[in-house]
Amino acid sequence: MEKVNWKILNAALWFEIVLAYFLPFEVTNDFQYQIGFPMSFLAVYDTKIGKSPFDSMHVNPIGFLIDVLIIYLVILLCVKGYQKWKCRFWRKRQ
């Protein structure tokens, strides 16, 4: 088993946060907005004006960690595939 690549994990965390900000929300029940990709990890409820935003939000940390793990694995596979391709490419050129 390989060690965790902390640079890729850091990139996966930031990528998940940026995706949650830029991707459209999923509206359920006409008053709940689901945020996160590929799984939702933040739910924001439509409430009256003057209510604290923290009272109208629900954070699912397990969903967030699963999202980060999925993105980490995708990035890791892309990096390994690129390294393998680069090695083959340079071997053919020599």
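The values are calculated or read from the model by the stated rules, or taken from the named source; none is laboratory data. Keep in mind it's a predicted model, so treat the numbers as computed, not measured. Note that each Cβ is placed from the backbone with ideal geometry, even for glycine, and that neighbours are counted across all protein chains shown. Accessible surface areas use protein heavy atoms only, side chains included; no ligands, DNA or RNA. Shrake-Rupley method; radii C 1.70, N 1.55, O 1.52, S 1.80 Å.
Laid out as a table, the results:
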item: Over the chain: helical MRE at 222 nm, DSSP H runs n ≥ 4 each giving -39500 (n - 2.57), nearest 500; result: -19000 deg cm²/dmol
item: Å² per residue, accessible surface of the chain at 1.4 Å; result: 85 Å²
item: Gain in span if fully extended, residue 9 to residue 48, counting 0.36 nm per residue against the direct Cα distance; result: 10.2 nm
item: Cα-based convex hull volume of region 1-65 per residue, rounded to whole Å³; result: 108 Å³
item: Calculated FRET efficiency for the pair residue 39/residue 89, C-beta based, R₀ 35 Å, to 0.05; result: 0.45
item: Trypsin sites (Lys or Arg not before Pro) within region 1-58, DSSP loop, no more than 12 other Cβ atoms inside 10 Å; result: 3, 48, 51
item: Peptides 14-26, 78-90 ordered by average Cβ neighbours within 10 Å, highest first; result: 14-26, 78-90
item: Accessible surface of the chain [probe 1.4 Å, protein heavy atoms]: carbon and sulfur percent; result: 67 percent
item: Three-way shape call for region 33-94 based on the alpha-carbon gyration tensor, with the a/c threshold at 1.5; result: prolate
